[in-house]
Amino acid sequence: MTEAPFEIPISQHIWDSRYRYRAPDGRGDRSVLDSWQRVAAALAAVEKADRSRWERDFLDLLQDLRFLPGGRILAGAGTGQDVTLFNCFVMGPVEDSMEGIFDALKEGALTMQQGGGVGYDFSTLRPEGAPAWRVGGVASGPVSFMRIWDRMCETLLSTAARRGAMMAILRCDHPDIETFIDAKRCSGELHNFNLSVLVSDDFMQAVAQDAAWPLVFPVDGLGGRAQRVGEELLRSWPGHLEPVPCAVWREVSARALWQKIMRATYERAEPGVLFIDRINRENNLGYREQISATNPCGEIPLPPYGACNLGSLNLTRFVREPFNDEAVLDLDALARASRVAVRLLDNVIDASRFPLEAQRRQALGSRRIGLGITGLADSLIMLGLHYGSPRAREIAAEAMRTICHAAYRTSITLAEEKDSFPFLDREAYLQRPFIQALPQDIRDGIAARGLRNSHLTAIAPTGTISLLANNVSSGIEPVFDFAYRRQVRDHAGASTQYELSDYALRHWRELFGDRALHASFVDSHDLSPRDHLEMQAALQPHVDNAISKTINIPADYDFESFRSVYHQAYRLGLKGCTTYRPNAITGSVLEAGEGGQAAGSSCCGLDRSDD
């Protein structure tokens, strides 16, 4: 491949503004090849043997755009700067005291200063109106403190090309859940946050039965004094390993609360929904940790101080003989690339700095990585497959299965060479649901030789790195539009607008000129919400973390049909659901080009992309 693999100006811009290293003395990356070499050398330096071999292998994988590491890796590896190579973190529990709240704020600021996005579960904070029993006042509630985080993010990173992504989460049974749902009703409010509600199986059952739903808070967090109704229930709660006694604050209709969540999401695209019991039930480390939060885009559910270490295989680079009857996805090549990518991401853990010691301990203990895919929709087009067809889902699932199994087999080999992750309890680990579903040879390998990484697969939104790769379709999303305009900022904060066309469309035109497009050229406007859900569901069995996916909803989609999307997501076994319906509050990051339609933002705009 040539030194400059970019086909379109925006790809050069993304490299120059986000991933190019500029040293204070004027040295640094003169070309994108310099960037690849910098990253490959820094990560191969972790190896105790064969460093030159692994540097060559890493470089080969990177410069061909077959593998796209997370943005913090591209920007930070080999620079010597005091930055983390992890894209994002779930922070520790926010202690319900003034000292605890501002300690948590400080930890978040230090993490974002080094380039990491942050996710918080604010359910540990007392509801508005609860007595602040130590000082004789009353609590102002979690949403009031979220505004402090929002301003911190704004102040710390307002001039950067990549602004900090944050996730705020609240349980569906927290007494302030209704305030949280409406927190972004006003334009500009909490705009540095993505919002998600932790939804339990019990809540979904209560919705189905139209039952009363108790809003609760731990008794010990209320100074030992039960509130309002006075009844106590045992509930799982962040910061506690076992269920704790919770005071019933009040009761609401479960169906009415669900309706409120759905109405807010319909009108403002937030909050998203996380099916937290399923997340914990299917967590490979469920025997030792309780998860109550995710990273800002939702593809990595994490314990306190957990970190995401992400990378995506660009499926368009594995399509052979595109746009003809012999077109095929080269699964053998995909497996080979997966093996190198797993080693590269595992090395990131040892090469990275960490803003906090607790983050370092958690990353080294679990050695979680998240290997995923991007360019799926363009690859399906190149294979002649309609995104919404059963065959497309079969091919997508086969690709993700190939990556997953290659990743686990590689991690077993790495465990033999470098030792297993310290948190591994082989007997308990082998009983976890995801591991039980793996092929027998993988389970036998873990039992006999161990495993280097507790988790290995995740599918990120890849908005920015997909633009770097010549505007391939992002993650597992369908092509939003084949022609559109996009605003991006440079390293100095100035905005530039680019006219963009889709990767698959450009290559079709190069081959066939103005010939009529194949029926596989569909965009999100041609697909039903069910098509989105079924693609996500087809891939989830091969993803041990989670999937970041935004389901595009037409503006004229009626509310009753919209509500059913989330019920379908739950029934299909998804770990979460995020939708976007064009609306006046969130605006858009994309504008229609000639013949195109205006595009809405997903969970993170480009300036706050998680990659």
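The values are calculated or read from the model by the stated rules, or taken from the named source; none is laboratory data. Since this is a predicted model, take the numbers as computed values, not measurements. Virtual Cβ from ideal backbone geometry, glycine too; neighbours counted across all protein chains shown.
Worth pointing out:
- Residue within the range 495-512 that is more than 26 Å from L198 (Cα to Cα), modelled with pLDDT of 90 or more, assigned to a loop (DSSP other than H, G, I, E, B) and of a type outside the set (F, W, Y) present: yes
- Output for the range 51-74, where each listed residue is surrounded by fewer than 22 Cβ atoms within 10 Å (Cβ to Cβ) and at pLDDT below 95: Q63, D64
- Taking the conditions (1) out of contact with any Gly (no Cβ under 6 Å at 6 or more places or on another chain); (2) in a loop (DSSP other than H, G, I, E, B) in turn, D96 satisfies each one other than (1).
- Of residues in the range 125-157 being among the polar types (S, T, N, Q) and not in a loop (DSSP other than H, G, I, E, B), the one modelled with the lowest pLDDT: T155
- Leading residue by the ranking (modelled with the highest pLDDT) among those in the range 220-274 that are of a type in the set (S, T, N, Q) and outside any helix (DSSP H, G or I): S253
- Selection status of A333, surrounded by fewer than 18 Cβ atoms within 10 Å (Cβ to Cβ), out of contact with any Cys (no Cβ under 6 Å at 6 or more places or on another chain) and hydrophobic (A, V, I, L, M, F, W, C): yes
- Candidate set: the range 188-219, residues that are over 24 Å from the mean Cα position of the chain (by Cα) and assigned to a loop (DSSP other than H, G, I, E, B); chosen: the one nearest to A584 (Cα to Cα): D210
- Lone unmet requirement of (1) surrounded by fewer than 22 Cβ atoms within 10 Å (Cβ to Cβ); (2) without any contact (Cβ under 8 Å) to a residue 60 or more places away in the chain for G388: (2)
- Flag for P355 being over 24 Å from the mean Cα position of the chain (by Cα) and buried (at least 19 other Cβ atoms within 10 Å of the Cβ): no
- Counting the residues of the range 561-590 that are in a strand (DSSP E or B) and either modelled with pLDDT under 55 or over 27 Å from L190 (Cβ atoms) (or both) gives 1.
- Qualifying residue in the range 320-338 (condition: touching a residue at least 24 places away in the same chain (Cβ under 8 Å), among the aliphatic types (A, V, I, L, M) and within 17 Å of C88 (Cβ to Cβ)): no
- All conditions but one from (1) within 28 Å of R339 (Cβ to Cβ); (2) touching a residue at least 60 places away in the same chain (Cβ under 8 Å) apply to R72; the one that does not is (2).
- Flag for V83 being surrounded by 21 or more Cβ atoms within 10 Å (Cβ to Cβ), in contact (Cβ under 8 Å) with a residue 12 or more places away in the chain and of a type outside the set (F, W, Y): no
- Only one entry of A293, A269, A247 meets the criterion of being more than 24 Å from the chain's Cα centre (by Cα) and crowded, with 23+ Cβ neighbours inside 10 Å, and that entry is A247.
- Candidates A77, A44: the one that is out of contact with any strand residue (DSSP E or B) (no Cβ under 9 Å at 6 or more places or on another chain), closer than 30 Å to A358 by Cβ, buried (at least 22 other Cβ atoms within 10 Å of the Cβ) and at pLDDT 95 or above is A44.
- Residue in the range 519-534 that is touching a Gly at 6+ places or on another chain (Cβ under 8 Å), among the hydroxyl-bearing types (S, T, Y), in a helix (DSSP H, G or I) and in contact (Cβ under 8 Å) with a residue 24 or more places away in the chain present: no
- Selection count, the range 23-41, where residues are surrounded by fewer than 17 Cβ atoms within 10 Å (Cβ to Cβ) and of a type outside the set (G, A, S): 5
- Check on A264, touching a residue at least 12 places away in the same chain (Cβ under 8 Å) and more than 26 Å from E95 (Cα to Cα): yes
- Helices (runs of 4 or more DSSP H) enclosed by the range 411-490 - at least 3 residues per element that are over 25 Å from the mean Cα position of the chain (by Cα) and either surrounded by 17 or more Cβ atoms within 10 Å (Cβ to Cβ) or in contact (Cβ under 8 Å) with a residue 40 or more places away in the chain (or both): 440-449
- Against the test of being assigned to a helix (DSSP H, G or I), under 25 Å from K106 (Cα atoms) and among the basic types (K, R), the options R360, R343, R278, R339 yield a single qualifying residue, R360.
- Within the option set A132, A104, A44, being small (G, A, S) and within 29 Å of D29 (Cβ to Cβ) holds for one residue only, A44.
- Every listed requirement among (1) farther than 17 Å from T462 by Cα; (2) part of a helix (DSSP H, G or I); (3) aromatic (F, W, Y) is met by W15 save one, (1).
- Positions within the range 364-382 being in a helix (DSSP H, G or I), crowded, with 24+ Cβ neighbours inside 10 Å and hydrophobic (A, V, I, L, M, F, W, C), in sequence order: L376, A377, L380, I381, M382
- Of G164, G115, all but one fail to be buried (at least 22 other Cβ atoms within 10 Å of the Cβ), touching a Cys at 6+ places or on another chain (Cβ under 7 Å), part of a loop (DSSP other than H, G, I, E, B) and at pLDDT below 90; the exception is G164.
- Members of the range 18-53 that are among the acidic types (D, E) and in a helix (DSSP H, G or I): D34
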